[in-house]
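Here is the structure we will look at, set down as structure tokens.
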Amino acid sequence: MKVFRLVFAASLAASMIKPIFAEVAEVVEVNLEPTTIRDIGGVTKFNRSQYITLHESFGSGDLTEEDLLYIENELEAEYGRDGGLISWMANDIPADSKNPDMPDVSKIKALFDKRFYENGSDIRLNPENMRNVILCTHPEKMHGHKNNTSYEWGPRSAEATAEYFAHLLKYGFTDKNRPRAIEVYNEPFVKAKKIPTSIEEMSEQHKVVAKRVKELNADVMVGGYSAAWVEFESGNWNNWNNWQKKFMDIAGQDMDFWSYHIYDGVNVMGTPRARTGSNSEAIMDIIDTYSHIKFGVAKPIMITEYGKIPAGNMSTMPYSEERSAGMLYSALGQLMTFMDHPDRLIRTVPFILGKASWTYGMANDYVPGDANPYLLWRRLADGKSYVKTDLMKFYYFWKGVKGEWRLSASSNPDVRVHMLVDNKRVNVIMMNLDNTSKKVALNGLNKVKTHAVTLRSLTTNVKKPILAEQTLQAMPESYDLGAGEIVMFQLDMKNALPVKRKIKEHRVYATSYLQDIKGNQDINFTFKSVPTGQGSAKLRLSPARELGKQPLPSKVLINGTPLVLPNNWAGDDQKGRKMFYGMVELNIPMEALNETSVVSLSYPDDGGKIASAVLQINREER
């Protein structure tokens, strides 16, 4: 049916396509303004290094030069994160003869030169590849405590860890290729009891490491805590208070960015659930809000792992096209929401690995031919041959995509939309996060004169993911967007479009957060220094309520003006959770805003919290 639809669309004039889908009840209005620049907090251009990444780095010894060239040139992907280099290099660093509890950092440069500069191929040391890689390491090996015997020198203190990190970055790299960001540990808090240590000690070590690293490497950002379990509402917000908030309170002043991992499925702890959509937005907003309250600024974020954790997680298993399709849905769906925040998210890295030969030895019951589900290349039963997996399609879909953000909007939060203009090409990207198809009306392109239109599509809610591309005779006025489908219309124009105006997005954070809900009592949020003028505005409201209770307030007002309550939000209904926790957008009339604005809302019954409230002002700035 899909093929017939596309062939049919390609053979008709655009104005004749609409009636085909008359049987679909809901029509999602997608409004496109290709001559209006979308300035997202000062960012106007799509940065592939920020988004089109994989969880690999220059130091992956199981990737051949041919593999590395394929990643760079064919997939056009950027190396995202390295979790092994720091601990791997430490194996050959002896203790300082004058102080056995400290590493002999004088050996670092010679060791690094021998491992990389003398024996490595040039591609492994391409400064452009290395500069953006996020370094991190394993707390089981690198958390400093008196009983640590991972290396000759421990580390038996936070200072030993810090000295090694700082000198490795200083003398293992040059100013041109030094990685610009380091997470102190990978997912440390879920491993604290095993080490054993405490959340407080781990947070304090982040401070010690950050200070020493930046003393020797002023150009390196240090962040954390690389959270594995961002179920903040768990245990009546104990997860938030005892992990994320505590980390920010102890180490936050010395952190340049916050980092966490977000998956559909289960990541280390918790119960199965989807985070794609409203939940992932709520997680970002509460971190931003508390950061702003605590430090006067919403420090930027790195999402250093994301996607979907399938049944079996990191185990080797028979290959499944359907499983890969589900993983593509989560990675693409989350990316489409992350792309709304290039000013807030320094880098996002899907947990997609290269060949990762280390994964084959993680379990004793390995069956030849089985493989880890996160790989781009999986090893066959002969133990030598590799074949590509369907996860390659994540990168094929985004191949060649670049450009300047232009204004776009969808009437349904499940239909995500972005528009990029690259000289004489317009890219319109849409994805349906819902499990039912949507008829999408495409408005605003009727005056764009094109000489070619290409449609690229990738299906994910299927037994086998299908990536397709074909030429259309004209840009359609509407499109039937399948469940979990992502599409890109590429319009090649005869002439570059003129820029007529700019809309700049501003975020304003409330002065309070995590307010208790009490029946028929007003909850108020105050916002200061609110931009006013021409444009549009939204309230990003993140309620957290037990399932079965009314998720949204009965009424919401801003400066006394009532707002229309939506009946939908991005992503699923969060069944399987104990609590609904998600960000829901409410439209605000610009004339209702004041420089100091107050949002007031109420529920009919007790229970739950409003985790955060954020204003997004999209102001016209010529």
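The values are calculated or read from the model by the stated rules, or taken from the named source; none is laboratory data. Remember, it's a predicted structure, so these values are computed and weren't measured experimentally. Methodologically, a virtual Cβ is constructed for each residue, glycine included, from the backbone with ideal geometry; neighbour enumeration extends over all protein chains shown. Calculation scope for accessible area: heavy atoms of the full protein, side chains included, ligands and nucleic acids excluded. Shrake-Rupley method; radii C 1.70, N 1.55, O 1.52, S 1.80 Å.
In segment 557-581, of all residues being more than 26 Å from Y329 (Cα to Cα) and in a loop (DSSP other than H, G, I, E, B), the one that is most open to solvent (accessible area, probe 1.4 Å) corresponds to V564. Among the residues of segment 308-339, those identified as open to solvent by 30 Å² or more (accessible area, probe 1.4 Å) and among the aliphatic types (A, V, I, L, M) are A311, M314. Annotation: of all residues in segment 191-215 being β-branched (V, I, T) and farther than 16 Å from C136 by Cα, the one that is nearest to the chain's Cα centre (by Cα) is I199. Looking at the structure I just gave you, is E187 touching a strand residue (DSSP E or B) at 6+ places or on another chain (Cβ under 8 Å), at pLDDT 95 or above and part of a loop (DSSP other than H, G, I, E, B)? In short, yes. Here G354 meets each of (1) at pLDDT 95 or above; (2) farther than 27 Å from I466 by Cβ; (3) among the small types (G, A, S) with one exception, condition (2). Give the residue, chosen from V614, V584, V598, that is crowded, with 17+ Cβ neighbours inside 10 Å and either more than 20 Å from N279 (Cβ to Cβ) or touching a Leu at 6+ places or on another chain (Cβ under 7 Å) (or both). On inspection, the qualifying residue turns out to be V584.
For (1) free of Cβ contacts under 8 Å to residues at least 12 places away in the same chain; (2) closer than 28 Å to F580 by Cα; (3) among the charged types (D, E, K, R), each residue gets a yes or a no:
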| position | (1), (2), (3) |
| --- | --- |
| T454 | no, no, no |
| K494 | no, no, yes |
| K502 | no, no, yes |
| V508 | no, yes, no |
| N524 | no, yes, no |
| P531 | no, no, no |
| A537 | no, yes, no |
| S542 | no, yes, no |
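Filtering segment 63-98 to residues that are over 22 Å from P350 (Cα atoms) and either among the aromatic types (F, W, Y) or under 25 Å from the mean Cα position of the chain (by Cα) (or both) leaves only W88. Scanning segment 587-622 for residues that are under 22 Å from V297 (Cβ atoms), of a type in the set (A, V, I, L, M, F, W, C) and under 27 Å from the mean Cα position of the chain (by Cα) yields A611, A613, V614, L615, I617.
Mind telling me which of the residues A160, A166, A210 ends up being in contact with a Phe, Trp or Tyr (Cβ under 8 Å, 6 or more places away or on another chain), crowded, with 21+ Cβ neighbours inside 10 Å, in contact (Cβ under 8 Å) with a residue 40 or more places away in the chain and not β-branched (V, I, T)? Quick ask: steps written out before the conclusion?
On the way: A166 fails: in contact with a Phe, Trp or Tyr (Cβ under 8 Å, 6 or more places away or on another chain); A210 fails: in contact with a Phe, Trp or Tyr (Cβ under 8 Å, 6 or more places away or on another chain).
So the residue among A160, A166, A210 that is in contact with a Phe, Trp or Tyr (Cβ under 8 Å, 6 or more places away or on another chain), crowded, with 21+ Cβ neighbours inside 10 Å, in contact (Cβ under 8 Å) with a residue 40 or more places away in the chain and not β-branched (V, I, T) is A160.
The residue that is nearest to S280 (Cα to Cα), counting only those in segment 453-479 that are part of a strand (DSSP E or B) and open to solvent by 30 Å² or more (accessible area, probe 1.4 Å), is L467. Pairs are defined by a Cβ separation below 6 Å, a sequence spacing of at least 6 or placement on different chains, a first member in segment 72-94 that is more than 20 Å from T149 (Cβ to Cβ), and a second member that is open to solvent by less than 10 Å² (accessible area, probe 1.4 Å) and in a helix (DSSP H, G or I); the pairs so defined are L75/Y395; A77/I71; A77/Y395.
Name the residues in segment 216-267 that are under 18 Å from C136 (Cα atoms), touching a Gly at 6+ places or on another chain (Cβ under 8 Å) and modelled with pLDDT under 95, would you? Within segment 216-267, just W229 meets the criteria.
Which fully enclosed helices (runs of 4 or more DSSP H) of segment 192-278 have 1 or more residues being closer than 30 Å to G571 by Cα? So that I can check it myself, show each step before the final result.
Values: elements: 199-216, 234-239, 245-251.
The qualifying helices (runs of 4 or more DSSP H) are 234-239, 245-251.
Residue pairs whose Cβ atoms lie under 8 Å apart, sitting 6 or more positions apart in sequence or on different chains, and linking a residue in segment 394-407 that is on the phi > 0 side of the Ramachandran plot and touching a residue at least 12 places away in the same chain (Cβ under 8 Å) to a partner that is surrounded by 20 or more Cβ atoms within 10 Å (Cβ to Cβ) and of a type in the set (V, I, T), are G403/V421.
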